[in-house]
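Enquirer: Please see the structure below; I have some questions.
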Amino acid sequence: MANDNMLDERIKITHSKFDQIFIAKAFKLADFISVQNEFQYQTLKKQFPDKKILKIYNPIKIDKSKNVVKNEKKGYLAWVANFRYQKNLKQLFEVASIFPDEKFKIAGIPLKSMDDETKEYLEKLKTLSNVEFVGKVAREEIFDFLSKAKFLISTSRYEGFSNTFLEAMVVGTPILTPTLVNPDGIIDRFELGITYQNAAELKNSFDKLTVDEYLKMSSNAIQFVNNNHDHLALGKKLVDFLKE
């Protein structure tokens, strides 16, 4: 499972009717289904109670030398994604507008065809003096980019389990994310960052955050990704599941 939007009414917005037919067919024909979070697991288990379904978090190869806990609360707010409706540039604009004293660095590029809302708010973001577009950041440079950030910010409308979350956690960068993009509630349950419903709520929580609380989030992020997302441990879990 790549994304939550394949399992409910959102699929009618994000996929063509042709795609919807073949996605449904794929679920019916599959011998095994691998999912990223509890929402995906429970939804598919309800639809296919007899199928073998494994919930396994996204894996990442962890370079322990990059596991550096923050020692101060500084840096920019990093946003990483291609420009499309799912990523909600409208909300990014609202957040950047209400945080005039914070620097935002946007890493990403437009898709060949953009929806009207994304086009509109991309242009609006370009008018803000605290926003910098850095283009596409190469994979070998992403950890350095995120390590210099105060937070990784997500404004997505939906995800499965964002790999950028893992990349940020590896380097101890806490996460700001909408309440609906919080797989299995890990961001607030394990104190890995701040969840929010709108820009005003985020601003309120952000301003109240102490330096000690921030540094603890950084430490928690590194501990969580090492304990739950190591590629070798998860690979073994997958092999064991397939052997059953």
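The values are calculated or read from the model by the stated rules, or taken from the named source; none is laboratory data. From a predicted model like this one, the values you see are computed outputs, not experimental measurements. Glycine gets a Cβ as well: all are built from the backbone with ideal geometry, and neighbour counts include every protein chain shown. Just the protein is used for accessible areas: all its heavy atoms, side chains included, with ligands, DNA and RNA removed. Shrake-Rupley method; radii C 1.70, N 1.55, O 1.52, S 1.80 Å.
Enquirer: For a test of the definition: using alpha carbon positions, the gyration tensor, and the 1.5 limit on a/c, classify region 176-230 as rounded, prolate or oblate.
Expert: It is oblate, given that a/c is not under 1.5 and a/b is not larger than b/c.
Enquirer: Same structure, new question: I'd like the orientation of helix 38-47 relative to the chain: the angle between its Cα long axis and the longest Cα principal axis, in ° from 0 to 90, rounded to 10.
Expert: On a 0 to 90 degree scale, this one is about 30.
Enquirer: Just flag the GluC sites (Glu not before Pro) in region 48-125 sitting in loop per DSSP whose Cβ has no more than 14 other Cβ atoms within 10 Å.
Expert: Sites meeting the loop and neighbour criteria: E72.
Enquirer: Starting from the Cα of K25, draw a straight line to each of the aspartates and glutamates and keep only those under 19 Å, dropping any in the same chain fewer than 8 residues away.
Expert: By straight Cα distance, K25 reaches D4, D8, E9, D50.
Enquirer: Also: Positive end of the dipole of the chain, charges at C-beta (+1 Lys, Arg; -1 Asp, Glu), about the Cα centre: which of T118, F165, F22 has its Cα farthest in that direction?
Expert: The one lying farthest along the dipole's positive direction is F22.
Enquirer: Further question: Here are a few candidate values for Rg and Dmax of the Cα atoms in Å: [x] 19.3, 75; [y] 16.5, 50; [z] 18.6, 56. Which one was actually calculated from the structure I just gave you?
Expert: Derived directly from the coordinates: [z].
Enquirer: Something else now. Of L209, L234, L146, which is the most mobile in a GNM of the chain whose springs link Cα atoms less than 10 angstrom apart?
Expert: Top of the fluctuation ranking is L209.
Enquirer: Also: Among S219, S154, S97, which one moves the most in a GNM of the chain with springs linking Cα atoms closer than 10 Å?
Expert: Looking only at S219, S154, S97, the biggest GNM fluctuation is shown by S97.
Enquirer: A follow-up question, please. Order R139, R189, R157 by their accessible area, 1.4 angstrom probe, all chains in place, largest first.
Expert: Result of the area sort, largest leading: R139, R189, R157.
Enquirer: Continuing with the same structure: Share of region 91-191's accessible area from carbon and sulfur, percent, 1.4 Å?
Expert: Numbers: 2230 of 4510 Å².
Carbon and sulfur: 49 percent of the exposed surface of region 91-191.
Enquirer: Let me ask you something else. Choose one of I222, N37, V239: the residue whose Cα lies farthest towards the positive end of the charge dipole of the chain (beta-carbon charges +1 Lys, Arg; -1 Asp, Glu; about the Cα centre).
Expert: V239
Enquirer: A follow-up question, please. Taking springs between alpha-carbon atoms closer than 10 angstrom, which of S147, S218, S129 fluctuates most in the Gaussian network model of the chain?
Expert: Its mean-square fluctuation being the largest, the pick is S129.
Enquirer: Which ³J(HN,Hα) values in Hz, rounded to whole numbers, follow from the phi angles of region 121-138 under the Karplus curve 6.51 cos²θ - 1.76 cosθ + 1.60, where θ = phi - 60° and Gly and Pro get x?
Expert: Whole-Hz 3J(HN,Hα) from phi for region 121-138: 7, 5, 5, 5, 4, 5, 8, 8, 6, 9, 10, 10, 8, 9, x, 7, 8, 4.
Enquirer: Something else about it: Using only the Cα atoms of region 1-94, each taken as one equal point scatterer with no solvent, compute I(q) by the Debye sum, divide by I(0), and report log10 of the ratio at q = 0.21 Å⁻¹.
Expert: Debye output, listed in q order: -1.13.
Enquirer: Helix 17-29 versus the longest principal axis of the chain: what angle, 0 to 90°, nearest 10, using Cα atoms?
Expert: 60 degrees
Enquirer: Let me ask something else about it. Okay, helix-only estimate at 222 nm for the chain: each DSSP H run of n ≥ 4 adds -39500 (n - 2.57), divide by all residues, round to 500 deg cm²/dmol; what do you get?
Expert: -12500 deg cm²/dmol
Enquirer: Let me ask you something else. Quick one: accessible area per residue over region 22-108, 1.4 Å probe, rounded to a whole number of Å²?
Expert: Values: 4650 Å² over 87 residues.
For region 22-108, the solvent-accessible area averages 53 Å² per residue.
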